[in-house]
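Okay, structure first, notes after.
The values are calculated or read from the model by the stated rules, or taken from the named source; none is laboratory data. No experiment lies behind these values; they were computed from the predicted model shown. Using ideal geometry, Cβ is built from the backbone for each residue, glycine included, and neighbour counts are taken over all protein chains shown.
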Amino acid sequence: MKIPNAYWYEPLGFACQKTIKQPIWCCGTGLHSGRKSRVQLLPAAENTGIVFHIMDGDDVAGMIPAVVGSVHSSKLRTVLQAGNASVETTEHLLAAVSALGLTNLQIKVWGTEIPIHDGSAGPWAFLIDSAGIQIQNSSISSIKIIKEITVTDGNAWCKLLPSSEFELEYELKYEHHLLSSQRYAVVLSRERFDKDLANARTFGFIKDLEYLLLHNLSHGASLNNTLVFGDNNILNPGGMLWDNEPARHKIVDAIGDLSLAGAPIIGKFRGYCSGHNLNHMLVDKMLGDPTSWIWSLPA
């Protein structure tokens, strides 16, 4: 039997739930709010899932499960909400949590937005590794795609297709000579995430900055956390890490958004000029169509 080369699979095909070994925390600035916040990651018991705890001092003001039903907004970031509690820009943290195979985690947040750090998922992967990963006794059930699911918005689209592995492919096109067409494809594993995806940064265009600020977005953006494209050049002194870094970052976003299915996915994601909103729509449509997937138990 072929064992899929996906991040949640253990050697010999035995897939176990995972959490972290010890608590760890960090501070930083939100990309959109521009405000400081503090985040603490803590171990969680088996079958807990990934849950955000929005803090008010020492008290929990609200708990938000990291599932697609908690999505409140998809405008340039993934905002989760439950009751009066909400948290913004969760996608990079969720991508690292997913790619490192964590299934149970308590995320305490003092503030309204997850820190952006350098604009990539890399610092979150480093933080999780620093805390250590604890294998738990219970096994994982994965969502295996058995029928194509597609969502569209104008010319943009994304879909899930059957595959024996967790594959992701993304193509973007912008009216900019450096971004006229980019594509990247990967079969996700921890090694590929670390080497080819984790450090891909969020990106934007200087021409859009005034509009974003007027709509209360990007107040914390800088060349330290965003790859910024001018009219004819890249404003960051070091340029791009790869010539298709934006396409790679879009895949990082998709990993985080697809984790809101609540279980690992065995299938292929393909996206064309899509973003958070279509990613969330895709997960919602997939979960709402029981003919498109089955539960897959570890070998």
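For the stretch 107-223, please list each of the strands (runs of 3 or more DSSP E) lying entirely inside it that holds at least 1 residues being loosely packed, with under 15 Cβ neighbours inside 10 Å and assigned by TED's automatic domain parsing to the domain that holds Arg35.
Answer list for the stretch 107-223: 133-139.
Name the pairs: first residue in the stretch 51-65 and more than 10 Å from Ile107 (Cα to Cα), second residue polar (S, T, N, Q), Cβ to Cβ under 7 Å, at least 6 apart or on different chains?
Gly62/Asn84
Return a yes/no flag: does the stretch 123-141 have any residue that is under 22 Å from the mean Cα position of the chain (by Cα), of a type in the set (Asp, Glu) and under 19 Å from Pro264 (Cα atoms).
no
For the stretch 254-276, give me the residue count where each residue is under 13 Å from the mean Cα position of the chain (by Cα) and buried (at least 19 other Cβ atoms within 10 Å of the Cβ). Don't jump to the end; show me each part of the working.
Applying the first criterion (under 13 Å from the mean Cα position of the chain (by Cα)) to the stretch 254-276 yields 254-262, 264, 275-276.
Pick out the ones that are also buried (at least 19 other Cβ atoms within 10 Å of the Cβ) and you get 254-261, 264, 275-276.
Final tally of qualifying residues: 11.
Please verify whether the stretch 56-69 includes one or more residues that are closer than 27 Å to Ile266 by Cα, touching a helix residue (DSSP H, G or I) at 6+ places or on another chain (Cβ under 7 Å), in a strand (DSSP E or B) and modelled with pLDDT of 95 or more.
Residues of the stretch 56-69 closer than 27 Å to Ile266 by Cα: 64-69.
Subset that is touching a helix residue (DSSP H, G or I) at 6+ places or on another chain (Cβ under 7 Å): 64, 66-68.
So of that shortlist, the ones also in a strand (DSSP E or B) come out as 64.
Checking the rest, the ones that are also modelled with pLDDT of 95 or more come to 64.
Yes, some residue in the stretch 56-69 is closer than 27 Å to Ile266 by Cα, touching a helix residue (DSSP H, G or I) at 6+ places or on another chain (Cβ under 7 Å), in a strand (DSSP E or B) and modelled with pLDDT of 95 or more.
Scan the stretch 212-231 and give yes if some residue there is closer than 27 Å to Ser292 by Cα and under 18 Å from the mean Cα position of the chain (by Cα), otherwise no. I'd like the intermediate steps shown before the answer.
As a first pass, look at the stretch 212-231 and keep what is closer than 27 Å to Ser292 by Cα: none.
The answer is no; no qualifying residue exists.
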